[in-house]
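Laboratory data are not the source of any read-out in this text; all were calculated from the coordinates shown. All figures in this text were calculated on a predicted structure; none of them were measured in a lab. In this analysis, Cβ positions are derived from the backbone assuming ideal geometry, glycine residues included, and neighbour counts consider all displayed protein chains.
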Amino acid sequence: DYLSVPVQTLMPEPGTRRSGIAEIAHLAGVEAGVSRYLFASLSVWLDAAGYDWVVCTGTDQLRNSFHRLGIATQVLADADPSKLPDGGAGWGRYYDHHPVVMTIKVVDGMAALRAAGLLKLVQPVVAVEDKPQADLGGAYGRLA
């Protein structure tokens with residue numbers, strides 16, 4: 001809703017195919033620390049599914065989370081509440097946190113997460129004899 005032109009026309013690399021862009025809504029962790037596992041799991045899935053870019057809307061806090069993990073983001077547009085049907089009235093104080101529409105190149109995000117050691121925590125788990133898969137995935141389970 002925030003963009004007035006097709007997303008592929010705003011991408012940092014000219015000629016980006018629309019089919020290579022994944023749009024993610026509601027990108028938030030349930031508890032502190034979960035976001036990095038979510039980012040890693042999503043990156044593995046997006047890469048396997050053939051996406052080149054991911055686009056999401058996020059606040060300063062989300063951009064800072066990406067930055068701490070070494071993930072570069074590029075801003076495509078401000079998330080302007082006036083472009084929403086309700087003018088942003090139903091979003092409380094969300095717009096006080098300067099949300100923007102941003103993009104991340106999937107392979108670059110994967111490289112940053114690999115360097116941070118997070119990809120090995122979410123790679124698909126292979127069953128081991130006499131050990132249930134649920135025991136192999138770490139604190140947040142395994143990539144489904």
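Which trypsin sites (Lys or Arg not before Pro) in segment 38-119 sit in a loop by DSSP (not H, G, I, E or B) and have at most 12 other Cβ atoms within 10 Å of their own Cβ?
Arg93
I'd like the FRET efficiency for Leu84 and Arg114, computed as 1/(1 + (r/R0)^6) with the beta carbon distance as r and R0 of 25 Å, rounded to 0.05. Could you put the intermediate results ahead of the total?
Values: r = 37 Å, r/R0 = 1.46.
It comes to 0.10.
Starting from the Cα-Cα distance between Ala25 and Trp45, subtract it from 0.36 nm times their residue separation and give me the gain in nm to one decimal.
Result for the pair: 5.7 nm of gain on full extension.
What percent do you get for the relative contact order of segment 7-135 when only Cα pairs under 8 Å and 6+ apart count?
On the way: 159 pairs, mean separation 37.4, N = 129.
Reported relative contact order: 29 percent.
Using a 10 Å cut-off around each Cβ, can you sort Leu46, Leu38 from fewest to most neighbouring Cβ atoms?
With the fewest neighbours first, Leu46, Leu38 line up as Leu38, Leu46.
Kirkwood Rh, segment 7-135, all Cα pairs: how many Å?
For segment 7-135, the Kirkwood estimate is 16.1 Å.
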